[in-house]
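Every number in this text was worked out from the coordinates using simple rules, so none of it is lab data. Please read all numbers here as calculations on a predicted model, not as lab measurements. Glycine gets a Cβ as well: all are built from the backbone with ideal geometry, and neighbour counts include every protein chain shown.
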Amino acid sequence: VKSTGDKFSGASKTGTVSENKEDWEREPLQSFLLQLPVQFSNNLIVTVEDQPDDKTSGIVKAPDGAGFGDKSLYLPSGSRLKLSFGNYVNSLRFQIKAAGGNESGTAYIIAMKKEEVVYGAPISSEDKAFEIAEIPFDKLLFVGFSGNFSVTAGDVYLDNLAWSLV
């Protein structure tokens with residue numbers, strides 16, 4: 001990916017920006033254990049920090065009509081998920097689908113840099129694709145609306161992540 005200088009802050013106009021992707025298609029269907037980080041070949045680390053006893057987060061067959069590939073990451077209601085990128089990320093795009101009728105109360109996305117919140121946004125019924133740009137961060141949390149330690153109020157499917165390192 002060639003940087004234009006305006007899409008990625010801090011990148012030179014002639015420099016090459018490395019873009020990483022994760023669409024889960026090459027990964028086996030799997031469940032994530034609570035508090036056990038799972039590292040992928042692109043250095044993405046997925047950690048389920050909280051989840052209900054009766055449901056499990058993991059890589060599952062994507063829901064029909066989500067606009068995803070065959071697989072996606074599933075986060076059940078009552079969960080909290082952390083994505084770590086191994087370095088600072090300067091842009092991130094991903095698709096999300098909340099399962100259920102009231103998507104606006106499902107979850108909140110929080111980008112963090114050195115444990116400080118630098119960006120936050122709710123998942124709404126209108127938003128199916130998210131992009132965070134020009135805000136360096138190293139972790140992304142999917143949480144509830146009551147702060148960093150709350151859990152999501154609805155099921156979420158996450159897919160087609162693409163990020164550029166600073």
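Annotation for the stretch 22-82: trypsin sites (Lys or Arg not before Pro) lying in DSSP loop with at most 16 further Cβ atoms inside 10 Å of their Cβ are ARG26, LYS55. Over all pairs of different C-alpha atoms, the stretch 36-166 has a mean inverse distance whose reciprocal, the Kirkwood radius, equals 14.7 Å.
Residue separation times 0.36 nm, minus the C-alpha to C-alpha distance between ALA99 and LYS113: what's the value?
Working: separation 14, 0.36 × 14 = 5.04 nm, distance 2.90 nm.
Separation in residues times 0.36 nm, less the Cα-Cα distance, equals 2.1 nm.
Put simply, when 86-96, 113-123 are sorted by average Cβ atoms within 10 angstrom per residue, most first, you get 86-96, 113-123.
Could you order peptides 130-138, 150-158 by the average number of other Cβ atoms within 10 Å of their residues, highest first?
On the way: 130-138: 16.0, 150-158: 20.9.
Ranking, from highest mean packing down: 150-158, 130-138.
The slack between SER41 and ASN87, meaning 0.36 nm per residue of separation minus the straight C-alpha distance, is 15.1 nm.
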